[in-house]
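Okay, so here's the structure we're looking at.
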Amino acid sequence: MKIMTKNFKAFAIASLAVFALAGCEKKKVVADDKNDVEALFAVNTYKTKFGNLDNYLEFGGDVASVTSVAVLPDAAGKVARIMVNVGQMVSRDQTIAYVDPSLPGLNYSLSPVRAPISGRVTSFVPTIGTQVSQGSVIAQIAQTDDLEIKVSIPERFISRITMGQEAVVTFDAYPGIEFVAKVFEVSPVLDTTSRTMSVKLRLVKADERVKVGMYARVRLVTESIRDAIVVPSNAIVTRSGKPYLFVVESKGSDNHAKVRLVSIVLGLSVDNKTEIAKGISAGDEIVIKGQNLLDDGANVNVISVTED
């Protein structure tokens, strides 16, 4: 009886050992299966193409009339009659007001005030009964169809300003609308007080929406790159101090793909856009969001593709 008990115990111990070993093997297989699963990163991409990139300097300026003349009376006295309104178009030598030069005990004929040029009355200061002298400016007449934009350029930037230079002009009154202008006058001297150089621009195409006295935001184009590969600057990653892009390869119908880490050479960078001088070609699809977590050969799931 003791012999059978010993044999039963030995059999039980052997069976437990077999089950334990089988369990360990099963756990090992499951662990190996988990190690075989590769990470899949969700990313947004951009399809590269040829484009243009302009470097620029930005300044503020004022819109003014190229020709604006102050109107002065020929005789001193009181303004007796006003013949025009502000905003009205007048012709050269047209009478715009009369001044009464009479003095106590002396009566004189009314003295006409005539427009020295044809244009639009932009201001008329006195009212009827106002006393004026021969040196008093009573009105301003400007040719408002011929406008200029006056800009003061700081001394450190004057080497980058040239005649005929193109500029993009915007106005707060018309958000999102751009007007093209060109430099037509550059002062040969600097203002010794402000250390600035006066520059004048003219709109390439006259536009009645632009008024005298408006504040203009002027972007003077200093360098233009044409037919270059331009990408969003935030798509560029830095590894070991060098710039790289992740290029999508072997994308399947399910938008799953692999990415390749590509070394690039940077060119001009303006307003979160960067020229890629070397490393990729037009049409390459690059990662623009989610790239900081990637490594060369990583698996990705392309959520969206931008082509604009």
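The values are calculated or read from the model by the stated rules, or taken from the named source; none is laboratory data. Everything quoted here is computed from the prediction, not taken from an experiment. With ideal geometry, Cβ positions are generated from the backbone for all residues, glycine too; neighbour counts draw on all protein chains shown.
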Being of a type in the set (A, V, I, L, M) and in contact (Cβ under 8 Å) with a residue 60 or more places away in the chain, is that true of even one residue in the stretch 200-207? yes
Out of all the residues in the stretch 84-94, is one or more crowded, with 17+ Cβ neighbours inside 10 Å and outside the structural domain of Gly61 (by TED's automatic domain parsing)? yes
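Out of Asp100, Asp74, Asp62, Asp93, I need the residue that is among the acidic types (Asp, Glu) and closer than 30 Å to Thr196 by Cα. Which one?
Asp62
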Matching residues in the stretch 35-77 - criterion: being over 30 Å from Lys150 (Cα atoms), surrounded by 15 or more Cβ atoms within 10 Å (Cβ to Cβ) and not β-branched (Val, Ile, Thr): Phe41, Asn44, Tyr46, Gly51, Ala75, Ala76, Gly77
Given the stretch 46-135, what strands (runs of 3 or more DSSP E) lie entirely inside it while holding 1 or more residues that are in contact with a strand residue (DSSP E or B) (Cβ under 7 Å, 6 or more places away or on another chain) and more than 30 Å from Val218 (Cα to Cα)? 68-71, 77-82, 95-100, 111-114, 119-124
Could we say that Ala206 is modelled with pLDDT of 95 or more and touching a strand residue (DSSP E or B) at 6+ places or on another chain (Cβ under 9 Å) here? no
Kindly provide the set of residues from the stretch 106-156 that are surrounded by fewer than 13 Cβ atoms within 10 Å (Cβ to Cβ), under 35 Å from the mean Cα position of the chain (by Cα) and without any contact (Cβ under 8 Å) to a residue 40 or more places away in the chain, ordered by number. Arg156
Report the residue count in the stretch 199-250 for those that are aliphatic (A, V, I, L, M) and touching a helix residue (DSSP H, G or I) at 6+ places or on another chain (Cβ under 7 Å). 3
Residues being of a type in the set (A, V, I, L, M, F, W, C) and farther than 14 Å from Lys150 by Cα: count how many of those fall in the stretch 211-235. 7
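Applying the selection to the stretch 40-59, what residues are closer than 22 Å to Thr196 by Cβ and touching an Asp or Glu at 6+ places or on another chain (Cβ under 9 Å)?
Taking the stretch 40-59 first, the residues closer than 22 Å to Thr196 by Cβ are 55-59.
If the condition is that a residue be closer than 22 Å to Thr196 by Cβ and touching an Asp or Glu at 6+ places or on another chain (Cβ under 9 Å), then Asn55, Tyr56 are the ones that fit.
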Keeping to the stretch 136-181, report how many residues are part of a strand (DSSP E or B) and closer than 30 Å to Leu53 by Cβ. 17
